[in-house]
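Since the structure comes first, as structure tokens, the remarks are kept for the end.
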């Protein structure tokens, strides 16, 4: 229920009223097809990342936002105060690290449908930092915290 509530709250916050958003609708259908009691973390991660992209808040994740250099899997960081990902040289002291697995996962998710990840093992902790990265970007631009994101955090996500 928390995952479904998160989808609804985020859509309500970011989409203009009475504005048909076909790509967002297709995204929602694809993650709803994958959301089950046993498997909610993958669709949540996929939905968060793609919503960040579809509303125009996801900069190029292959390059450092500060210098434009190609990111390496080790030492990638993000900040709750700035958009994008940063290399080790431009890491903000208060920034969070994005694991190599999550960074590679994000690149894969942006190229494949949600159904492509259905067979993979998704323990609760997988992609936690990626969900946090997407959520911080969305909340920064919404200028408020999402209530359902807090509930997901209490569940360990």
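Readers should treat all values here as calculations from the given coordinates under stated rules, not as data from a laboratory. These numbers were taken from a predicted model, which means no experiment stands behind them. Note: ideal-geometry Cβ built from the backbone for every residue, glycine included; neighbour counts use all protein chains shown.
Worth pointing out:
- Estimated from helical segments only, the mean residue ellipticity of the chain at 222 nm is -14500 deg cm²/dmol, where each DSSP H run of four or more residues counts as -39500 (n - 2.57).
- Counting beta carbons within 10 Å around each of 67, 87 and listing the fewest first gives the order 67, 87.
- Using alpha-carbon coordinates, inclination of helix 100-109 to the longest axis of the chain, degrees: 50 degrees
- Folded to 0 to 90 degrees: helix 22-34 orientation relative to the chain principal axis, Cα: 80 degrees
- Dimensionless Rg/Rh of the chain - Kirkwood Rh, Rg from C-alpha atoms: 0.94
- For segment 50-110, the share of alpha carbon pairs falling in successive 5 Å distance bins from zero is 4, 20, 30, 29, 14, 3 percent.
- For the chain, the longest principal axis of the C-alpha atoms and the axis of helix 2-14 are separated by about 70°.
- Centre separation in Å (Cα based) which lies between segment 100-157 and segment 1-62: 10 Å
- Value of relative contact order over the chain, rounded to a whole percent, pairs C-alpha under 8 Å and six or more apart: 27 percent
- Residue of 44, 15, 130 that the Gaussian network model of the chain assigns the largest fluctuation, springs spanning Cα pairs under 10 Å: 15
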